Amino acid sequence: MLVIAAGTLVTPLIGAVLVLGWARWSRTPWREIGYVRPKSWIGSLAIGLAFGFAFKLLMKAIVMPMLGADPINPTYHYLIGNTTALPGMLFAMIVVAGFGEETVFRGYLFERFGKLLGTGAGAKIVTVLLGAGLFAIRHYSDQGLAGVQQAVITGVVFGMIFAVTGRIWMLICAHATFDLTALAIIYLDLESDLAHLVFK
């Protein structure tokens, strides 16, 4: 666990690759970390896209303003109209965040805490909260308190979905879409408009 944690601190992509290596080495079935073939790939993709998009809009227009967050994310403000930065950000949001963070913070942590705490309702609640807390801490260094607040909420929501379904593909898609929607909002300089859409 310490090696995977250290890798995740560097980047969740390294953490995720280590998780997949650990699963193979320990002969842990892929399904135990959420890698279960969806009943419908198209359905999972569509749900992930719609949910990730709607969830980000809800967070930006209602939830974060209610928490008093700055309408502008200063860390990523440089992305406004910055076409040069888009390829790297697309990779980071799809591969590092979508695949990497979901594999570590949902798939791996649920498997490990499931072995430690059990799989009952109480254990799953604890796992959701611990996973969301660790996920939030990961976002403090670059996004501060607002990043932590948003990550706690998204971590709890994604964690609850994983606790119920045990499936990760839709969450990978939803997480990537959530972040890509955030990127589009910043790139198009719509942050302030959306943050004041409901609460003037």
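The values are calculated or read from the model by the stated rules, or taken from the named source; none is laboratory data. No experiment lies behind these values; they were computed from the predicted model shown. Positions of Cβ are generated from backbone atoms using ideal geometry, with glycine treated the same way; all protein chains shown enter the neighbour counts. Note: areas computed on protein heavy atoms with side chains; ligands, DNA, RNA excluded. Shrake-Rupley method; radii C 1.70, N 1.55, O 1.52, S 1.80 Å.
Given their separation in residues at 0.36 nm each and the Cα-Cα distance between them, Thr84 and Ala54 gain 8.1 nm when the chain is fully extended.
So what is log10(I(q)/I(0)) for the stretch 105-148 at q = 0.32, 0.35 1/Å, when the Debye sum runs over its Cα atoms only? Results for the stretch 105-148 at q = 0.32, 0.35 Å⁻¹ read -1.02, -1.14. Computed with every protein chain present, the accessible area of Asp70 is close to 100 Å² [probe 1.4 Å]. Between Met93, Met64, Met170, the GNM of the chain built on Cα springs shorter than 10 angstrom shows Met64 fluctuating the most. Under a straight-distance cross-link criterion of Cα-Cα below 19 Å, which lysines are reachable from Lys60, leaving out those fewer than 8 residues away in the same chain? Straight-distance partners of Lys60: Lys200.
Eigenvalues of the alpha-carbon gyration tensor of the stretch 1-114, scaled by 5 and square-rooted, set the equivalent ellipsoid semi-axes at 29, 19, 15 angstrom, largest first. Based on C-alpha pairs under 8 angstrom that are at least 6 apart in sequence, the chain has a relative contact order of 38 percent. Extension gain, Thr75 to Thr119, is 12.0 nm, computed as 0.36 nm per intervening residue step minus the present C-alpha separation. Once the stretch 1-61 is represented by equal point scatterers at the alpha-carbon sites, with solvent omitted, what log10 I(q)/I(0) does the Debye formula produce at q = 0.15, 0.21, 0.22 Å⁻¹? The computed values of log10 I(q)/I(0) come out as -0.70, -0.90, -0.90.
Between the beta carbons of Ile62 and Asp142, assuming R0 = 30 Å, the FRET efficiency works out to 0.80 to the nearest 0.05.
The accessible surface of the chain, taken with every protein chain in place and a 1.4 Å probe, is 72 percent carbon and sulfur. Each listed q (0.12, 0.16, 0.22 Å⁻¹) maps to a log10 I(q)/I(0) for the stretch 93-172 from the Debye sum over equal C-alpha point scatterers, namely -0.30, -0.53, -0.97.
Ordered by solvent-accessible area of protein heavy atoms (1.4 Å probe), largest first, the residues Lys115, Lys60, Lys124 come out as Lys115, Lys124, Lys60. Partner aspartates and glutamates whose Cα lies under 19 Å from the Cα of Lys56, excluding those fewer than 8 positions away in the same chain, are identified as Asp70, Glu101, Glu102, Asp142, Asp179, Asp189, Glu191, Asp193. The heavy atoms of Phe53 offer some 100 square angstrom of accessible surface to a 1.4 angstrom probe.
May I have the convex hull volume per residue, in Å³, for the Cα set of the chain? Working shown, then result.
On the way: hull volume 23.9 nm³, N = 200.
So the per-residue Cα hull volume is 119 Å³.
Centroid-to-centroid, using Cα positions, the stretch 108-159 and the stretch 162-196 are 17 Å apart. Estimated at 0.36 nm per residue, the fully extended path between Leu197 and Arg31 surpasses their Cα-Cα distance by 55.6 nm.
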